[in-house]
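Readers should treat all values here as calculations from the given coordinates under stated rules, not as data from a laboratory. Keep in mind it's a predicted model, so treat the numbers as computed, not measured.
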Amino acid sequence: MQQQATLHLARPKSALLAIAMPVLTAALLGAVIVYGMGFSPIAAAHNAAHDTRHVNVFPCH
Amino acid sequence: MLFRRIVLCALLVGALAGLLVSAVQHWQAIPLIAAAEVFEGSAEPAATAATAHDHDHAHDDAHAHDAAEWAPEDGTERHVLTAIANVLTAIGFGLVLVAAITTWEHLLGRPLASARSGLVWGAAGWLCVFGLPTLGLPPELPGSVAAPLGDRQAWWLLAACSGAAGLALLAFVRGPKRWLGLAVIALPFVVGAPHLAGGPFAGYEIGIARQMETLAAPFAIATTIATAVQWLALGGLSGWAVARWVRPALADLAQTP
């Protein structure tokens, strides 16, 4: 396994598959929340999170 | 089981980091935003229209964004909503961090997650979503004039994603291929961040533009500190939470074939 040699994985590929679903779902959920807070074009969402957007330097207005 | 643990950890980590950053920014960044909003909307309409700013209305309003839309009242309502938005944003970042640290520990098969290693993850996160995007798109005060929003959002996403991919290559790949990571990190800067000629305060009277310029540098420092505090807290807490609550779930997983 070329890839395992270069990445120095201690576990076989099956270990990655075992956690892939929960880990990817969690990361995707996180990305959706950040999008809603920082990038959503809905005006009410922008206004409510306005100062958060500016401080996190999400592009705003 | 694993998913539930990751989510619960992220909720805890995000709540703590979000409240912490709310306290920090309340005394440093928020007053600067409030000061800039006094000037916001005093730009000359002709100049603003010429810069393709995506709001072409309400420039006589002190708070020029979407004046017709609902917005929180200044004061308690706004502060509370900002704190809630900070907590939610931190939970979102926390989910990604906890998931990443969990994957790292599981794939390398050693108890790596800790508050200390979490700080390194937090620093990497800060670099991806603040450090690198800010090099191309400096922190904006309310009232700043800038390139169209969609362009800046797309570039921000590009900078953050290439930062994450580049750092991952540098950190996890052995051999000469890892140096491709530097090229990946540099890619958004080769593309170039969207900017308008004339700078962020074009269209304001010269006196007002000068006053806004004096706010810009302290605002850049304030956002740097606030986001650094947020990310170090997120990283340290995430590492600690993974070691404490996610590790047992990973051990269960390893035992069941």
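No solvent, one uniform scatterer per C-alpha: report log10 I(q)/I(0) for chain B via the Debye equation at q = 0.11, 0.14, 0.15 1/Å, two decimals.
-0.71, -1.03, -1.13
Over region B:164-242, how many percent of alpha carbon pairs lie in each 10 Å bin up to the one with the longest distance?
Once binned at 10 Å, the Cα pair distances of region B:164-242 give 14, 21, 33, 21, 10, 1.
Roughly how many Å is it from the Cα centre of region B:181-250 to that of region B:78-102, as a whole number?
15 Å
Would you calculate a helix-derived [θ] at 222 nm for the protein assembly as shown, using -39,500 (n - 2.57) for each DSSP H run of n ≥ 4 and dividing by the full residue count, to the nearest 500?
Details: 14 runs with 218 residues, N = 318.
Helix contribution divided over all residues of the protein assembly as shown: -22500 deg cm²/dmol.
How big is region B:108-170 by Rg and Dmax over its Cα atoms, in Å?
Values for region B:108-170 (Cα only, Rg and Dmax): 15.1, 50 Å.
Please compute the alpha carbon radius of gyration of region A:22-61, then divide it by the globular-protein estimate 2.2 N^0.38 Å. Two decimals is fine.
Numbers: Rg = 11.2 Å, N = 40, 2.2 N^0.38 = 8.9 Å.
With N residues counted in region A:22-61, Rg over 2.2 N^0.38 Å equals 1.25.
With just the Cα atoms of the protein assembly as shown, tell me how far they stretch along each of the three principal axes, in Å, largest first.
68, 43, 29
Which helices, taking whole DSSP H runs in chain B, have alpha carbons extending 30 angstrom or more along the helix axis plus mean Kyte-Doolittle at least 1.6?
In chain B, the long hydrophobic H runs are B:2-27.
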